[in-house]
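Okay, structure first, notes after.
The values are calculated or read from the model by the stated rules, or taken from the named source; none is laboratory data. As the structure is a computational prediction, the values presented were derived from the model and not from experiment. Positions of Cβ are generated from backbone atoms using ideal geometry, with glycine treated the same way; all protein chains shown enter the neighbour counts.
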Amino acid sequence: MENRNSSASLHHEGALNNTFKYQVYSAIVISIIQLITLYFLGRKLTAVQLGIFGVYQMIFRFAFAVFEPGMFASLIQKHEISQKLLHYLKRFQYIIFLIFVVVLLGLFYQQWIAFGVEAIVLFISILVSAAIAFGSLHHARLILVNKQFEIAFLFTIAHSIEFILLFSMLQFLPEIYCFTISLLVRFCVFYIGCYYLVRKTKIEYSVPSIELNEHRNYGLNYCLMQGLSYLQGIYDNILIALLFGPAFFGIYVLACELSYFVFSKINPLFNKSYFPVLTSKIKHKEESFTMIQSVFESFLYVVVPIYLFLFFQSGTILHWLYPDKANDLLMPFQYFLLIAFVKSLTNLVFTMYLAYGKTKEIFIWNLVIAITNYLFVFIFFIVKVDYERFMLFMLLYSILVLIILSVKLFSLLDLHGFSKITFMRLSIYIAFSFLSIFAFYYYGFNFIISSLLYLICVLSLFYIVNKQKFLDLLSFKIV
């Protein structure tokens with residue numbers, strides 16, 4: 001019988017594929033739940049309320065970026081743990097959270113209120129942030145002992161409870177409170193479940209000779225890097241909110257949520273499976289590039305046809321979901337789809353670099369990018385840039401960042417490019433996927449027929465160009 005909980009072979013591909021399989025099962029259920037929630041979010045909330053909810057998301061997602069796993073990322077990267085180390089890292093995590101709350105309330109409280117964010121919504125965002133900051137340790141400990149099946153199960157349960165609670169509360173409370181409170185409950189349920197599992201799990205502690213300063217430095221760099229990464233990634237939100245106000249910002253946020261849905265579901269599937277296994281391979285001084293190449297290849301086979309389909313069918317999808325907002329959503333939605341695809345590749349490169357412990361280098365990179373981004377915000381705010389030109393700028397800018405980062409990171413890690421066979425297979429697959437969706441969409445097929453034909457065409461093409469990879473992915477194997 002397969003031992004899904006064993007950490008002895010964490011650096012082998014079997015552990016990666018098992019983790020990926022459990023994440024897929026969970027992601028299918030969670031994606032259905034979140035799609036339904038997103039549908040009602042766009043229909044129930046006004047444009048102004050969507051803008052307020054967008055601010056709420058900015059706060060808790062910043063906290064998630066900084067604190068999950070935050071200071072405890074070093075446990076996973078270095079595969080070491082002790083009671084002394086845990087107490088040491090917790091102290092730093094909680095200090096950073098305290099600074100976060102002081103800055104949030106002390107510097108920005110008046111700005112949140114002026115933007116229309118009610119005090120109770122701001123308070124709930126702090127509670128969500130606290131749940132993440134205090135609960136992420138238990139999640140990291142479960143990852144360390146390879147409890148990926150249990151983690152995936154908890155994710156599913158937490159999202160399901162959030163979903164049930166949301167639609168129960170919609171009958172009694174204002175919509176904005178329902179969406180914010182239900183999200184708080186989701187995080188609380190998940191981390192309480194993690195805590196319970198940790199208490200029931202036997203964890204082998206490392207020898208006392210752990211270098212505490214190395215863990216501290218990695219964790220601090222990780223928190224700073226992730227915080228800066230998030231801040232430099234939302235410069236557009238800040239500019240749009242400043243230039244156009246809450247109602248326009250609400251439409252912008254909804255378009256962003258829809259277009260990044262694939263990114264938010266597929267990238268974590270790969271990263272959560274990939275990161276702990278790659279770090280273990282590096283620790284055991286095993287060859288890792290073959291696995292890196294295979295993960296990238298698997299990722300492209302999955303995401304390219306999805307993004308092509310969403311882009312070409314975007315008008316139909318938006319009119320079906322939000323008929324009253326579809327015209328306003330279409331342009332930013334299509335731009336965001338292109339940007340999300342580019343950033344999904346950048347995200348994988350970051351994961352690879354993190355596995356090699358390069359947090360300081362990424363922190364410096366993010367600092368430079370953050371300064372550059374907010375310099376653009378200042379310039380665009382002064383000249384009052386129009387909406388579409390700004391979206392085009394963001395697309396070109398994200399492509400430039402991906403190119404520079406990829407060249408820099410791959411040269412630093414002394415890796416080689418894809419093999420010629422891999423490159424040819426992917427090129428043929430992408431080219432014919434594009435041609436097929438273009439033909440089905442522009443030559444008079446309706447939405448249902450073109451979708452089915454495109455699915456059949458893509459699956460057949462995938463099978464032809466790379467039969468083994470096709471069969472591997474059907475078996476949840478990404479390497």
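Can you tell me how many residues in segment 20-38 are modelled with pLDDT under 80 and under 17 Å from the mean Cα position of the chain (by Cα)?
The initial filter retains those residues of segment 20-38 that are modelled with pLDDT under 80, namely 20-23.
Of the ones still in play, those that are also under 17 Å from the mean Cα position of the chain (by Cα) are 20, 23.
Residues meeting the conditions: 2.
Could you tell me whether any residue of segment 467-478 is among the hydrophobic types (A, V, I, L, M, F, W, C), surrounded by 15 or more Cβ atoms within 10 Å (Cβ to Cβ) and over 25 Å from T290 (Cα atoms)? Working first, answer last.
Residues of segment 467-478 among the hydrophobic types (A, V, I, L, M, F, W, C): 470-471, 473-474, 476, 478.
Next, only the ones that are surrounded by 15 or more Cβ atoms within 10 Å (Cβ to Cβ) stay: 470, 473, 476, 478.
Imposing the further condition that a residue be over 25 Å from T290 (Cα atoms) reduces the set to none.
No, the conditions are met nowhere in segment 467-478.
Taking interchain pairs and intrachain pairs at least six residues apart, which have beta carbon atoms under 8 angstrom, with the first residue in segment 316-327 and touching a residue at least 60 places away in the same chain (Cβ under 8 Å) and in a loop (DSSP other than H, G, I, E, B) and the second crowded, with 17+ Cβ neighbours inside 10 Å and aliphatic (A, V, I, L, M)?
So the pair list comes out as Y322/L254; Y322/L329; K325/A47; K325/I251; K325/L254; K325/L318.
Picking from L461, L453, L396, which residue would you name as being part of a helix (DSSP H, G or I), at pLDDT 85 or above, under 23 Å from V24 (Cβ atoms) and not hydroxyl-bearing (S, T, Y)? Please lay out each step first, then the result.
On the way: L453 fails: under 23 Å from V24 (Cβ atoms); L396 fails: under 23 Å from V24 (Cβ atoms).
Result of the check over L461, L453, L396: L461.
Working only within segment 343-384, note down all residues that are at pLDDT below 85 and not in a helix (DSSP H, G or I).
Y356, G357, K358
Does segment 426-448 contain at least one residue that is assigned to a helix (DSSP H, G or I), under 16 Å from F296 (Cβ atoms) and not hydroxyl-bearing (S, T, Y)? Give the steps one after another, and end with the answer.
Kept after step one, since they are assigned to a helix (DSSP H, G or I), are these residues of segment 426-448: 426-442, 447-448.
Among the residues that remain, those that are also under 16 Å from F296 (Cβ atoms) are: 426-427, 429-430.
Now drop any that are not not hydroxyl-bearing (S, T, Y), which leaves 426, 430.
Checked segment 426-448: at least one residue is assigned to a helix (DSSP H, G or I), under 16 Å from F296 (Cβ atoms) and not hydroxyl-bearing (S, T, Y).
Would you please name the residue that is nearest to V465 (Cα to Cα), looking only at residues in segment 433-449 that are modelled with pLDDT of 85 or more and buried (at least 17 other Cβ atoms within 10 Å of the Cβ)? Explain how you work it out, then say what you get.
First, pick out the residues of segment 433-449 that are modelled with pLDDT of 85 or more: 433-437.
From what is left, the residues that are buried (at least 17 other Cβ atoms within 10 Å of the Cβ) are 433, 436-437.
Values: S433: 12, S436: 15, I437: 18 Å.
Among those residues, the one meeting the criterion is S433.
State whether one or more residues within segment 280-303 are over 30 Å from R141 (Cβ atoms) and touching a Cys at 6+ places or on another chain (Cβ under 9 Å).
No, there is no match, as no residue in segment 280-303 is over 30 Å from R141 (Cβ atoms) and touching a Cys at 6+ places or on another chain (Cβ under 9 Å).
Please state which of the following conditions S74 fails to meet, knowing it meets all the rest: (1) surrounded by fewer than 21 Cβ atoms within 10 Å (Cβ to Cβ); (2) of a type in the set (S, T, Y); (3) touching a His at 6+ places or on another chain (Cβ under 6 Å).
(1)
Enumerate the pairs (first residue in segment 168-187 and farther than 15 Å from K44 by Cα; second residue anywhere and in a helix (DSSP H, G or I) and of a type in the set (V, I, T)) with beta-carbon separation below 8 Å, excluding pairs fewer than 6 apart on the same chain, so at least 6 apart or on different chains.
Partner pairs satisfying both residue conditions: I181/I124; L183/V128; L184/I124; L184/V128; V185/I161; R186/I161; F187/V128; F187/I132.
Among the listed residues I181, I132, I81, which satisfies the condition of being modelled with pLDDT of 90 or more, within 27 Å of L212 (Cβ to Cβ) and of a type outside the set (D, E)? Please lay out each step first, then the result.
Details: I181 fails: within 27 Å of L212 (Cβ to Cβ); I81 fails: modelled with pLDDT of 90 or more.
From the options I181, I132, I81, the qualifying one is I132.
Out of the residues in segment 257-289 that are polar (S, T, N, Q) and either touching a residue at least 60 places away in the same chain (Cβ under 8 Å) or crowded, with 21+ Cβ neighbours inside 10 Å (or both), which is nearest to D386 (Cα to Cα)? Give the derivation first.
Filtering segment 257-289 down to residues polar (S, T, N, Q) leaves 259, 264, 267, 271, 273, 279-280, 288.
So of that shortlist, the ones also either touching a residue at least 60 places away in the same chain (Cβ under 8 Å) or crowded, with 21+ Cβ neighbours inside 10 Å (or both) come out as 259, 267, 271, 273, 279-280, 288.
Working: S259: 21, N267: 31, N271: 36, S273: 41, T279: 44, S280: 48, S288: 46 Å.
Here the residue is S259.
Name the pairs: first residue in segment 452-475 and touching a residue at least 24 places away in the same chain (Cβ under 8 Å) and of a type in the set (V, I, T), second residue buried (at least 18 other Cβ atoms within 10 Å of the Cβ) and part of a helix (DSSP H, G or I), Cβ to Cβ under 6 Å, at least 6 apart or on different chains?
Hits for this filter: V458/P305; V458/S433; V465/R425; V465/Y429.
Looking at segment 153-184, which of the residues that are under 23 Å from V24 (Cα atoms) and of a type outside the set (A, V, I, L, M, F, W, C) is surrounded by the fewest Cβ atoms within 10 Å (Cβ to Cβ)? Please lay out each step first, then the result.
If we filter segment 153-184 for residues that are under 23 Å from V24 (Cα atoms), which is where we start, we get 153-164, 183.
Narrowing the set further to residues that are of a type outside the set (A, V, I, L, M, F, W, C) leaves 156, 159-160, 162.
Numbers: T156: 19, H159: 22, S160: 15, E162: 25.
It comes out as S160.
Of the residues L254, L310, only one is buried (at least 19 other Cβ atoms within 10 Å of the Cβ), without any contact (Cβ under 8 Å) to a residue 60 or more places away in the chain and within 23 Å of the chain's Cα centre (by Cα); which? Step through it out loud before you land on a result.
On the way: L254 fails: without any contact (Cβ under 8 Å) to a residue 60 or more places away in the chain.
Going through L254, L310 in turn, just one is buried (at least 19 other Cβ atoms within 10 Å of the Cβ), without any contact (Cβ under 8 Å) to a residue 60 or more places away in the chain and within 23 Å of the chain's Cα centre (by Cα): L310.
Can you name every residue in segment 365-395 that is over 18 Å from F244 (Cα atoms), surrounded by 13 or more Cβ atoms within 10 Å (Cβ to Cβ) and either among the hydrophobic types (A, V, I, L, M, F, W, C) or in contact with a Phe, Trp or Tyr (Cβ under 7 Å, 6 or more places away or on another chain) (or both)?
W365, L367, I369, A370, N373, L395
Restrict the check to segment 86-96 and report whether at least one residue is within 22 Å of L183 (Cβ to Cβ), modelled with pLDDT under 90 and out of contact with any His (no Cβ under 9 Å at 6 or more places or on another chain).
No, segment 86-96 contains no residue that is within 22 Å of L183 (Cβ to Cβ), modelled with pLDDT under 90 and out of contact with any His (no Cβ under 9 Å at 6 or more places or on another chain).
Out of all the residues in segment 185-229, which are over 28 Å from A370 (Cα atoms) and buried (at least 21 other Cβ atoms within 10 Å of the Cβ)? Spell out the reasoning first.
We begin by selecting, within segment 185-229, every residue over 28 Å from A370 (Cα atoms); these are 185-212.
Passing the criteria: R186, F187, F190, Y191, G193, C194.
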